[in-house]
Amino acid sequence: MARNRYFEDEELTYRFNGSSLKKSWQFIKPHRKVLFAFAAIMLGMSFVALVPPMLNRYIIDYVITKEGVAGMTFVQAAILFISAWGAIGITDVVYTFFRTFFMSKTGHTIVGELRRDTFIKLQRMAFDYYDTRPAGKILVRVTNYLNELADIFSSAVVNLIVETAKVALILLWLYILDWRLALVVTAAIVPMGVCVFFLRKVLSKRHRAVRNKISNRTAYVAENIQGTPVTKAYNRRARNVEIYGELNDKANRGWLRVVHFNELMFPTLDGFFYIGLLAVYGVAVFFATSAAGMGGLTIGKLISFITYMGMFSGPLNNIANVTQQLTAATTNLERVFEVGETPPSICDAPDAVTLPTVDGHVTFEDVTFAYEKGVNILEHFNLDVPEGKMIALVGPTGAGKSTVVNLLSRFYDVQSGRVLIDGYDVAKVNLHSLRTQVGVMMQDSFVFSGTILENIRYARPEATEAECIAAAKAVHADEFIARLPAGYNTPTRENGAGLSSGEKQLLSFARVMLCDPKILILDEATSSIDTETEEKIQKALDVVLQGRTSFVVAHRLSTIRKADCILYIADKGIAEAGTHAQLMEQKGRYYRLVTGEH
């Protein structure tokens with residue numbers, strides 16, 4: 001099936017839009033009181049920030065000149081203004097501490113909830129979602145992309161609102177001080193805003209491009225970690241380092257293109273600011289030297305005006321910085337929200353019913369299935385398996401053996417036809433009730449980090465220790481577990497590192513036996529087991545398969561020959577069917593498979 005590989009950029013299937021804001025709000029909403037409170041405080045502090053330049057004006061015009069103001073002597077006025085300066089400074093320090101602490105805490109809490117929601121959605125995805133994406137490109141969604149969002153949710157949006165309000169307040173105050181000079185400042189701000197908007201659009205495209213390159217690099221690293229034994233066996237270290245270097249260079253070049261454009265923001269803002277400042281000085285000089293005179297513009301007012309204008313620099317740079325952060329965040333959120341926007345291909349139907357306890361009668365009715373559209377693996381496939389029968393599936397690689405059992409477990413949905421268990425269409429029963437009664441033992445016996453006991457009770461967390469031990473003894477796993485340092489409490493590492501392939505498969509057998517399924521699927525489940533272990537498994541299978549309907553995909557003759565019916569899967573269907581003796585008599589495909597004749 002079509003699979004995006006580590007060297008291929010992912011197509012953008014979801015763009016950040018109005019609905020994305022609604023999704024973001026779902027995570028912000030529980031914390032809105034804290035955010036709104038700090039937004040209000042920040043707006044209040046914006047007003048407070050306007051006071052110092054005004055104090056400077058009064059100090060220059062009324063204290064330094066020793067004129068006094070509002071009935072106060074210049075000494076009383078000096079004490080008042082300096083005290084006000086001190087109070088503002090202390091308030092700002094206290095406010096900054098609490099804002100940083102609470103906003104950071106809120107931001108990381110929101111991102112934690114978003115990460116959990118994304119993980120839940122990934123758990124709901126069907127096999128086809130993982131079939132078409134490298135593990136690294138999925139992993140980067142819940143790590144790198146989300147790691148960068150804490151500051152956005154904690155302060156960026158609030159800062160953008162507050163800094164915009166601060167710019168508006170400063171501009172309003174400039175008009176109050178002198179509307180003529182304020183018009184000059186406005187003439188510089190408008191084209192600056194247009195430039196920033198243009199830069200943001202280009203920056204967004206470059207962020208998407210570099211995000212793909214970083215995703216490709218992560219996918220390659222994840223693939224190499226999984227393939228380490230093969231890398232070592234075939235001396236691929238040097239070539240792998242070379243490939244990683246190429247991917248890393250592409251990511252770095254993409255990031256530099258982002259940085260270069262990022263850095264254009266600040267020179268642009270500074271450029272327009274200095275143009276405006278020069279224009280203000282020019283107009284002020286014109287007023288001072290012309291016949292019209294200053295028109296009420298005192299030295300104190302002019303210095304206050306220039307100070308307020310200088311205060312533009314901080315908010316405008318903050319707006320540019322937040323704009324850059326939001327641009328990067330929205331491109332990251334596109335990939336994160338894409339997970340939620342991708343509907344699981346396998347889910348409970350609206351009218352799904354609970355599958356009752358079944359006897360195990362399995363029927364495939366005229367089933368056609370394809371992983372990729374137009375490339376059918378099975379066509380008009382029909383099969384009827386009475387309860388309690390053991391069916392073996394053999395045939396060439398890629399013929400559809402595993403596909404048959406995957407459809408029974410509803411890991412995939414058929415394109416047409418039906419798969420029935422005791423007359424119930426598997427597409428119309430809820431997945432939990434289906435998979436509770438259909439046990440699957442795959443070739444890749446995955447062992448999770450934890451303990452031996454926890455791995456056995458993986459599908460039944462409520463199972464007692466005695467039940468786990470009984471399941472292990474049934475498949476002879478108890479023998480190797482008893483030799484471990486802490487027995488059933490022995491810690492297990494990721495993917496069972498330190499355990500042999502046979503031991504991992506014995507654990508998986510114990511796991512599926514503990515579930516006591518009515519239908520059992522063994523998909524190449526004994527392929528990695530040595531002869532001695534296989535003998536133990538064969539004895540166990542004689543017991544555990546008793547009274548169950550079972551499907552065995554296997555290449556070992558010892559596993560196959562006891563089957564009630566052997567199906568040779570080829571040419572998009574059943575090429576041959578019968579017992580071992582019957583098929584050997586026919587001397588057809590199965591006979592050639594067993595004898596090695598061509």
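The values are calculated or read from the model by the stated rules, or taken from the named source; none is laboratory data. This one's a predicted model, so the numbers in the text were calculated from it and none came from an experiment. We place every Cβ from the backbone using ideal geometry, glycine too, and count neighbours over all the protein chains shown. Protein only, heavy atoms only, side chains kept; ligands, DNA and RNA dropped before computing areas. Shrake-Rupley method; radii C 1.70, N 1.55, O 1.52, S 1.80 Å.
Of the solvent-accessible surface of segment 204-295, computed with a 1.4 Å probe over protein heavy atoms with every protein chain present, carbon and sulfur atoms account for 62 percent. Toward the positive end of the charge dipole of the chain, with +1 on the Cβ of Lys and Arg and -1 on the Cβ of Asp and Glu, the farthest Cα among G300, N235, T559 is that of G300.
Note on Q538 and A466: the model spin-label points, each 7 Å out from Cα along the C-beta direction, lie 3.4 nm apart.
When the alpha carbon coordinates of segment 160-205 are projected onto the principal axes, the ranges are 42, 22, 6 Å, largest first. Taking the 1.4 Å solvent-accessible surface of segment 385-521 as the whole, the part contributed by carbon and sulfur is 52%. Dipole magnitude for the chain: computed about the Cα centre from +1 point charges on Lys and Arg Cβ and -1 point charges on Asp and Glu Cβ, it is near 1840 debye. Think of the chain as having a plus end and a minus end, set by charges on the Cβ of Lys, Arg, Asp and Glu; of V358, L80, A135, L80 sits farthest toward the positive end of this dipole.
Tally Lys and Arg at +1 and Asp and Glu at -1 over the other residues with C-beta under 10 Å from the C-beta of G496: what net charge comes out?
Details: positive: R493, K504; negative: E494, E503.
It works out to a net charge of 0.
On the principal axes of its alpha-carbon atoms, segment 206-274 has extents of 64, 18, 12 Å, going from largest to smallest. W255 sits with roughly 120 Å² accessible to a 1.4 Å probe, with DNA, RNA and ligands left out of the calculation.
Taking a point 7 Å from the Cα of Q123 along the Cα-to-Cβ direction, the residues of segment 427-445 with backbone N closer than 18 Å to it are 431-436.
Shown here is the pair-distance distribution of segment 175-227: with all Cα-Cα distances grouped in 10 Å bins from zero up to the longest one, the shares run 20, 21, 19, 15, 12, 9, 4, 0 percent.
Extension gain for the segment F36 to S104, taken as residue separation times 0.36 nm less the Cα-Cα distance, is 23.0 nm to one decimal. Within the shell defined by Cβ-Cβ distances under 14 Å, the residues around V194 carry a net charge of +2, with Lys and Arg each +1 and Asp and Glu each -1. Within a straight-line Cα-Cα reach of under 18 Å, K29 can be paired with the following aspartates and glutamates, leaving aside sequence neighbours fewer than 8 residues apart in one chain: E113, D117, D151. Pairs exceeding 23 Å between alpha-carbon atoms, taken from K66/K166; K121/K401; K232/K401; K22/K121; K250/K373: K66/K166; K121/K401; K232/K401; K250/K373.
The overall shape of segment 334-397 is oblate: from the C-alpha gyration tensor, with semi-axes ordered a ≥ b ≥ c, the ratio a/c is 1.5 or greater and a/b is no larger than b/c.
Going by accessible area, probe 1.4 Å, with all protein chains left in place, what is the ranking of E263, E467, largest first? Before the final figure, lay out the partial values.
On the way: E263 100, E467 75 Å².
I get E263, E467, largest accessible area first.
DSSP finds beta bridges in the chain, and of those with both partners inside it, around 55 percent are antiparallel.
Per-residue ellipticity at 222 nm from helix content only, as computed over the chain with -39500 (n - 2.57) for each DSSP H run of at least four residues, stands at -19500 deg cm²/dmol. Convex hull volume per residue, computed on the Cα atoms of segment 404-498, equals 128 Å³.
Roll a 1.4 Å probe over the protein chains and send me the accessible area per residue for segment 334-492 in Å².
Numbers: 7340 Å² over 159 residues.
Value returned for segment 334-492: 46 Å² of accessible area per residue.
Charges were assigned to the Cβ only: +1 to each Lys and Arg, -1 to each Asp and Glu. The resulting dipole of segment 264-420 about its Cα centre is roughly 960 debye. Summing +1 for each Lys or Arg and -1 for each Asp or Glu, what net charge is found among the other residues whose Cβ lies under 13 Å from the Cβ of Q546? Around Q546, the charge tally is +1. Annotation: T231 carries an accessible surface of approximately 30 Å², with a 1.4 Å probe and no ligand, DNA or RNA atoms counted. Taking the centroid of alpha carbons for each part, segment 112-139 and segment 362-397 are 29 Å apart. Given in Å, the Rg to one decimal and the Dmax to the nearest whole number for the Cα atoms of segment 368-439 are 12.5, 35. Think of a 1.4 Å ball rolled over the protein heavy atoms: segment 123-248 then has 51 Å² of accessible area per residue. Over segment 171-302, what portion of Cα pair distances is larger than 22 Å, expressed as a whole percent? In whole percent, the share of Cα-Cα pairs in segment 171-302 beyond 22 Å is 61. Phi-derived couplings, Karplus 6.51 cos²θ - 1.76 cosθ + 1.60 at θ = phi - 60°, listed residue by residue for segment 31-48: 10, 5, 5, 5, 5, 5, 4, 6, 4, 5, 5, 5, 5, x, 5, 5, 5, 4 Hz, with x used for Gly and Pro. Only one item in (1) 30.1, 94; (2) 35.5, 121; (3) 24.7, 79 matches Rg and Dmax of the Cα atoms in Å derived from the coordinates shown, and that item is (2).
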